[in-house]
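For reference, the structure is listed below as structure tokens.
The values are calculated or read from the model by the stated rules, or taken from the named source; none is laboratory data. Since we're looking at a predicted model, the values are computed, not measured. Please note: Cβ atoms are built from the backbone with ideal geometry, for glycine as well, and neighbour counts cover all protein chains shown.
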Amino acid sequence: MAADVDAETGTGTATDPDTVRVRLDIAYDGAGFSGWAEQPDRRTVQGELQVALRRVLRVDSARLTVAGRTDAGVHARGQVAHLDVPREIWAVDGDRLLRRLAGVLPPDVRVHAVSEAPPGFDARFSALFRRYVYRVSDAPGGVDPLRRHDVLWHRHPLDPDRMSEAAADLVGEHDFAAYCRRREGATTIRELLRLEWTRESAHLYAGTVQADAFCHNMVRALVGALLAVGDGRQDPGWPRRVLDAGVRDSGVHVVQAHGLTLEEVRYPDDHALAERAATTRRVRTPFRGS
């Protein structure tokens, strides 16, 4: 995240003339994974993909760098990762890689595009923003069984207009310490570009959360605060007061992971990729004001 997303360490821009940087566009159902990041004795998205890549490329190592590390249970339609492939292997296997991956990957993870990345591309550092959607249902009888893995059931009626009203006060660059799980040496300053709620169908609401990056638990904590407004437990000004206080509030509940989907990672035009990556790598300075 990561909020629910925490981008993993990037490897920089490939400069070795004997390698090709390859971009992978990825989708997965997070229900059966212990998140993106490779972990010993755990099934992870990164682990499954790297095993498949080593197999089809016939290489000893296939280390992926991802746009955003998703937590256990979080899904993705628009995840992006890169890896550096020996040029001679890419020349032979590049055109067949997509179909060969489809033949060896498990059905809950798919690579839907493979391409040679333009100069300066870094899946993590070149990104302009990540867009997530959290889906929640307040249907009296519960969630449609066919959506049980990607929609949260909320037991009380929700007012999406109240939630959007409260969300508007959180947009912008702030210190989101009140909505993040702190990690030593990591900043909690983020620029929240978009936060709003829409009705997708009767009793089904989608919360869109878009930012340059997220800190751990940030998205799910924000959603938890806004649900408290939507069902009337809190007033629309409460999430901003929590933000301004700068400390975790017992009233903010981090919602379950399965309602969250990474929908999109956006990158600048090719000529601006390297500059964007350099800008992102700079350590954020303490933010003053709000």
Suppose the filter is closer than 14 Å to residue 21 by Cα and not in a loop (DSSP other than H, G, I, E, B); does residue 115 pass it? yes
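Could you please give the count of residues in region 179-198 that are modelled with pLDDT under 95 and either outside the structural domain of residue 134 (by TED's automatic domain parsing) or more than 19 Å from the chain's Cα centre (by Cα) (or both)? Steps first, answer last, please.
Of the residues in region 179-198, the ones modelled with pLDDT under 95 are 180-191.
From what's left, either outside the structural domain of residue 134 (by TED's automatic domain parsing) or more than 19 Å from the chain's Cα centre (by Cα) (or both): 184-185.
Within region 179-198, residues that are modelled with pLDDT under 95 and either outside the structural domain of residue 134 (by TED's automatic domain parsing) or more than 19 Å from the chain's Cα centre (by Cα) (or both) number 2.
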In region 144-154, what count of residues is obtained for those that are surrounded by 15 or more Cβ atoms within 10 Å (Cβ to Cβ), touching a His at 6+ places or on another chain (Cβ under 9 Å) and in a loop (DSSP other than H, G, I, E, B)? 3
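For (1) on the phi < 0 side of the Ramachandran plot; (2) touching a strand residue (DSSP E or B) at 6+ places or on another chain (Cβ under 6 Å), each residue gets a yes or a no:
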{"position": "120", "(1), (2)": "no, no"}
{"position": "126", "(1), (2)": "yes, no"}
{"position": "135", "(1), (2)": "yes, yes"}
{"position": "141", "(1), (2)": "yes, no"}
With respect to the numbered conditions (1) more than 16 Å from residue 113 (Cα to Cα); (2) at pLDDT 95 or above, which one is the sole condition not fulfilled by residue 82? (1)
Given the condition in the same structural domain as residue 94 (by TED's automatic domain parsing) and part of a strand (DSSP E or B), answer yes or no: does some residue in region 28-50 qualify? yes
Only one of these is assigned to a loop (DSSP other than H, G, I, E, B) and either at pLDDT below 95 or in the same structural domain as residue 257 (by TED's automatic domain parsing) (or both): 68, 94, 73. Name it. 68
Give the residue, chosen from 235, 244, that is acidic (Asp, Glu), more than 19 Å from the chain's Cα centre (by Cα) and within 26 Å of residue 155 (Cβ to Cβ). 235
For region 110-146, how many residues are under 27 Å from residue 222 (Cβ atoms), in contact with a helix residue (DSSP H, G or I) (Cβ under 7 Å, 6 or more places away or on another chain) and of a type in the set (Gly, Ala, Ser)? 1
Hey, among 57, 64, which residue is under 24 Å from residue 127 (Cα atoms) and either touching a residue at least 60 places away in the same chain (Cβ under 8 Å) or in contact with a strand residue (DSSP E or B) (Cβ under 8 Å, 6 or more places away or on another chain) (or both)? 64
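Quickly run through region 76-91 and pick out the residues that are in a helix (DSSP H, G or I), surrounded by fewer than 17 Cβ atoms within 10 Å (Cβ to Cβ) and in contact with a strand residue (DSSP E or B) (Cβ under 6 Å, 6 or more places away or on another chain).
To start, the set of residues in region 76-91 that are in a helix (DSSP H, G or I) comprises 87-91.
Retained after the next criterion (residues that are surrounded by fewer than 17 Cβ atoms within 10 Å (Cβ to Cβ)): 87-89, 91.
Hit for region 76-91 is 87, nothing else.
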In contact with a Phe, Trp or Tyr (Cβ under 7 Å, 6 or more places away or on another chain) and either surrounded by fewer than 17 Cβ atoms within 10 Å (Cβ to Cβ) or within 19 Å of residue 70 (Cα to Cα) (or both) - does that describe any residue in region 223-241? yes
Answer yes if at least one residue in region 232-255 is touching a residue at least 60 places away in the same chain (Cβ under 8 Å) and either within 25 Å of residue 78 (Cα to Cα) or not assigned by TED's automatic domain parsing to the domain that holds residue 148 (or both), and no otherwise. yes
Apart from one, (1) among the β-branched types (Val, Ile, Thr); (2) modelled with pLDDT of 95 or more; (3) over 23 Å from residue 157 (Cβ atoms); (4) surrounded by fewer than 22 Cβ atoms within 10 Å (Cβ to Cβ) all hold for residue 254; the odd one out is (3)
